[in-house]
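Trainee: Shown below is the structure under consideration.
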Amino acid sequence: MSKYTIITMILLLCLNNTLLAQKNSKLITGKIINKHTKQPIQNVEIFISGTTIGTTTGKDGTFSIKSPYIPCHLGVNHVSYLSRVFTITSASHLNIELILNSRNINEVKVKGKNLRRKNLRLFYKYFMLNADREQIKILNDSVLKFKRSEYNFHAYCKSPLLIENRYLGYRIKVLIQDFSICKKQQPGGKNVKLKSISGEDSYKLSAFYFYENLPTKNALHIQNIALNRRGHYYGSLRHFLTSLYFKKLNSNGYLIKHHSDSTVAAFTLTYEERNLKRYKFNKDLLNVTYYYDNEQRPKQLPLTMGEYFYSNTTFMSLGKEFDVRPNGTSSNLSFEIRGDMGQRSLVNTLPNDYEPSFLISPR
């Protein structure tokens, strides 16, 4: 069986750093109306993509929301209308028109149903990679649409895909612009047929995420959710890139090994501006080992006495530079990943405004 890889994962969660929330937060206001009747629409969901921040319109169709950063992506969603996403580059007042979501209720032929089941199986295989199907469920896969050829598979949706993640304690709404799957002969190489037994599985995601906290039962449940979130964050690609940005790879438990000359730095910083750094690989292949303790926290290097655990990931350069923001997000992850960082399910994600915290046991 071929190994799963990621060529580029563009989670359009934000365009800037959530750590600047206090300094750069901006108020966004607006009014939403029906495009044809010009009447205001009530109960439209407004959210800042990649966060837990959202609101709804009132009876007059107006809304007001404070984004923790500008620029940002603003999502607009209503069950009866086509969803929209806006890129906000400054404090704004928006006049938004929505179009009714017309659904095709004609009977689907048996052949079409069989093809859809086949497409759904492929979608679930990759989108829910290694996910616990008891803890994480997609509630409305009927919104998904597919395009498929011998060499490529694409999925997208015009209404949010609803995910209930009881493990991390979130209800996630995902607007998928494009989720594509292909097989490649080698990193950066030519595509081979999806049915081929050779080649490496690769996928790419471009999507907008909105998170809502699920209800908790008691103090112990709250603690378990916090532990799960913390364990999922540490050792993740986002944690690694944040550590790279702040030059804290060793103190955050990361050891990078080259296949050749280890005296050469793994990455070179090629460009820097406020809240953005650009890097290039100095080697085509890097092995990254992450060390952590029994409480899922990073072990500072060099390792000291005591129990520790580790996981391994391989980074393969595609010869392009990539950007990193202080919170570990990027819009052009132009490299492939194999191993633990690349095996994380796309339904098992954390919002950009999540920050790991140390826990106090309930009394």
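The values are calculated or read from the model by the stated rules, or taken from the named source; none is laboratory data. Please read all numbers here as calculations on a predicted model, not as lab measurements. For neighbour counting, all protein chains shown are included, and Cβ atoms are generated from backbone atoms with ideal geometry for every residue, glycine included. For accessibility, only protein heavy atoms count, side chains too; no ligands or nucleic acids. Shrake-Rupley method; radii C 1.70, N 1.55, O 1.52, S 1.80 Å.
Trainee: Please tell me if GLY189 is without any contact (Cβ under 8 Å) to a residue 12 or more places away in the chain and open to solvent by less than 60 Å² (accessible area, probe 1.4 Å).
Mentor: Values: without any contact (Cβ under 8 Å) to a residue 12 or more places away in the chain: yes; open to solvent by less than 60 Å² (accessible area, probe 1.4 Å): yes.
Criteria met by GLY189.
Trainee: Looking only at the stretch 54-106, filter to residues that are within 23 Å of the chain's Cα centre (by Cα) and of a type in the set (Ser, Thr, Tyr); which one of those is surrounded by the most Cβ atoms within 10 Å (Cβ to Cβ)?
Mentor: TYR69
Trainee: Moving to a separate point now. When the stretch 129-141 is examined, which residues are found to be under 12 Å from VAL174 (Cβ atoms) and surrounded by 14 or more Cβ atoms within 10 Å (Cβ to Cβ)? Quick ask: steps written out before the conclusion?
Mentor: Filtering the stretch 129-141 down to residues under 12 Å from VAL174 (Cβ atoms) leaves 138-141.
Result: ILE138, ASP141.
Trainee: Which number in (1) closer than 18 Å to GLU150 by Cα; (2) under 14 Å from the mean Cα position of the chain (by Cα) marks the one condition that ILE197 misses?
Mentor: All conditions are met except number (2).
Trainee: Here's something else I'd like to know. Which one is nearest to GLU97 (Cα to Cα) among residues in the stretch 55-78 that are part of a loop (DSSP other than H, G, I, E, B) and at pLDDT 90 or above?
Mentor: First, pick out the residues of the stretch 55-78 that are part of a loop (DSSP other than H, G, I, E, B): 57-61, 68-71.
Still in the list and also at pLDDT 90 or above: 57-61.
Working: THR57: 13, GLY58: 15, LYS59: 15, ASP60: 14, GLY61: 11 Å.
The selected residue is GLY61.
Trainee: Within the stretch 305-320, restricting attention to residues that are loosely packed, with under 14 Cβ neighbours inside 10 Å and either part of a loop (DSSP other than H, G, I, E, B) or charged (D, E, K, R) (or both), which residue is farthest from the chain's Cα centre (by Cα)?
Mentor: Ranking the qualifying residues of the stretch 305-320, first place goes to MET305.
Trainee: Restricted to the stretch 252-304, and to residues that are outside any strand (DSSP E or B) and under 20 Å from THR329 (Cα atoms), which residue is most open to solvent (accessible area, probe 1.4 Å)? Reasoning before the result, please.
Mentor: In the first step, residues of the stretch 252-304 are kept if they are outside any strand (DSSP E or B); the result is 252-253, 259-266, 274-275, 282-284, 293-297, 299-304.
With the extra rule that they be under 20 Å from THR329 (Cα atoms), the set shrinks to 252-253, 266, 274-275.
Values: ASN252: 39, GLY253: 0, ALA266: 12, ARG274: 163, ASN275: 26 Å².
The extreme case among them is ARG274.
Trainee: Kindly indicate which of ILE225, ILE176, ILE163, ILE172 is within 21 Å of LEU115 (Cα to Cα) and either open to solvent by less than 40 Å² (accessible area, probe 1.4 Å) or of a type in the set (A, V, I, L, M, F, W, C) (or both).
Mentor: Working: ILE225 fails: within 21 Å of LEU115 (Cα to Cα); ILE163 fails: within 21 Å of LEU115 (Cα to Cα); ILE172 fails: within 21 Å of LEU115 (Cα to Cα).
Criteria check complete, one pass: ILE176.
Trainee: Could I ask something else about it? Would you confirm, using the coordinates I've provided, whether ARG325 is under 14 Å from TYR254 (Cα atoms) and of a type in the set (Lys, Arg)?
Mentor: So ARG325 fails the test.
Trainee: Can you pull out the residues in the stretch 201-222 that are open to solvent by 40 Å² or more (accessible area, probe 1.4 Å) and over 20 Å from ILE53 (Cβ atoms)? Don't jump to the end; show me each part of the working.
Mentor: So in the stretch 201-222, the residues open to solvent by 40 Å² or more (accessible area, probe 1.4 Å) come out as 204, 212-213, 215-222.
Across the stretch 201-222, the qualifying residues are LYS204, LYS217, ASN218, ALA219, LEU220, HIS221, ILE222.
Trainee: Tell me which residues, restricted to the stretch 30-53, are within 30 Å of the chain's Cα centre (by Cα) and open to solvent by 60 Å² or more (accessible area, probe 1.4 Å).
Mentor: Result: LYS31, GLN42, ASN43.
Trainee: Continuing with this model, one more query. Of all residues in the stretch 118-128, count the ones that are surrounded by 14 or more Cβ atoms within 10 Å (Cβ to Cβ) and either part of a helix (DSSP H, G or I) or small (Gly, Ala, Ser) (or both).
Mentor: Number satisfying all stated conditions: 7.
This table checks each residue for (1) at pLDDT below 85; (2) closer than 17 Å to TYR234 by Cα.
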site: GLN296; (1), (2): yes, yes
site: SER311; (1), (2): no, yes
site: LEU318; (1), (2): yes, no
site: LEU333; (1), (2): yes, no
